[in-house]
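Structure record follows, encoded as structure tokens.
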Amino acid sequence: MVFGTFLRGARLRADLTQEGLADQAGVSVRTIRDLERRRVRAPHRHTAESLAEALGLSGPDRTRFFAAAGQDSEPPAARRRPGSRRDRSRMAPAQLPAATAELFGRDPAMDLVRRYAAVARGRRRTATTISLHGPPGVGKTAFAIAAGTELRSDYPDGQLFADVGREEAGAGRGEAGAGRGGEAGAAAVVASFLRALGVAESGIPASLADRSALFRTVSDRLHLLIVLDEVADEDQLRPLMPAGSRCLVVVVARRPFAGLDPHERIALETLSEADSGEMLGSILGARAEAEPAAVRELVALCAGLPLALRLAADRLSMRPHWRVDRLVEYLRDEESRLHELQVGDLGVGPSIEAVHRRLDPADAEVFRVAAQLPGPEFTVGDVRRGCSAANVRRSIETLVDVGLLEPAGRGYRFHALTRIFARSL
């Protein structure tokens, strides 16, 4: 069969215009036009591969496509290239941690993820990023893993996961060729991704820039899902971005990101009273049914924070002889509430502290002063104490960005548990 005829038929079956196929394959419209009009008898190998990928050809259709082009469908070089979709000797990475058994109150956010992912699959120009932000303890990581678990079948070349914040904290302990802090953490993450995609240790460059460039090369044309936890800012994220237009990156962000394209942001909020009660009921079972009033008060004391609710339920699970109202009695005391909402190294207090310790001194001072005001809500004027309104407002907006405060009418407010933490400083 003449290649141009085969190409035109495959394009029409894929419901693509010449311009659309050119965009998805990364070739010029003139190249496609010349091939279909038989001005060029057969494409170069790289062009044929790009067209076959863009058309989604596989099996016999792919074989016939390359035969029409006078080429083999599986040249040895393609089979050997690290990260190639045709490298069948490599096991696709599946690095997502186990998902939480059930999420509550997150159906609207999950619907957004599905919609954004569908748009990303249709866009096919560059990798798409979905970032999640919200207050400490709201369940961003659990949601990101659940979303990745639901979508992973759409990304057959693998799913990658990294706790970027942990890598950043551990940076400087001998990561060759990288600087300290955020850059070393990003370098370690990219190196781990390259290993997972089949690059030998000896082939991993020393510098972050070179590792990132190789990662873009290896990830080009792959269908990858990447979940990045605890990313500090855009500069830390950019070296971790794949080149493949069929890739989706889900980011747990310390604050809302800007300047990334295409980029979708999802804000996770605290749970409603009904969702909080449903969550406790699913864990406590008959104990919740036996003490409905105590469960309602426990919901109020946890103030809709998923981490607090989970920890309260864990405390009760570890003490099967306790009544629910016994834990409620302990939590009524604000001075001990954060202590009670801690199991092992996991707790509401440590979760807030992890955000607080990254604040600039001026922002931390505004956070502390605002917590001493009567009532949970306040305005910029309430916090000024001799500082300029502009400086206080900037600090407050930073605190909103990192989830330690939230807007309320014409002012701002604390989450109940965050305010308890701030008043203890």
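Every number in this text was worked out from the coordinates using simple rules, so none of it is lab data. Keep in mind it's a predicted model, so treat the numbers as computed, not measured. Cβ sites come from the backbone with ideal geometry, for glycine too, and all protein chains shown count toward neighbours.
For the chain, rounded, prolate or oblate, judged on the Cα gyration tensor with a ≥ b ≥ c (square roots of eigenvalues), a/c < 1.5 rounded, else prolate if a/b > b/c?
It is prolate, given that a/c is not under 1.5 and a/b is the larger ratio.
Once the Cα atoms of helix 361-371 and of the chain are each reduced to a long axis, what angle between those two axes, in degrees from 0 to 90 to the nearest 10, is obtained?
That works out to roughly 50 degrees.
Between 0 and 90 degrees, rounded to the nearest ten: what's the tilt of helix 306-318 against the longest Cα principal axis of the chain?
70
Calculate one ³J(HN,Hα) per residue across region 203-217 by plugging θ = phi - 60° into the Karplus curve 6.51 cos²θ - 1.76 cosθ + 1.60, and present them in order as whole Hz with x for glycine and proline.
x, 8, x, 7, 8, 4, 4, 6, 5, 5, 5, 5, 4, 5, 5
Restricting things to alpha carbons, tell me how big region 303-425 is in terms of Rg and Dmax, in Å.
Both quantities, over Cα of region 303-425: 16.0, 55 Å.
Using the alpha-carbon atoms, what tilt in degrees (0 to 90, nearest 10) does helix 140-151 show relative to the longest principal axis of the chain?
30
Add +1 for every Lys or Arg and -1 for every Asp or Glu among the other residues with Cβ under 15 Å from the Cβ of HIS339, and state the total.
Taking every other residue near HIS339 into account, the sum is -4.
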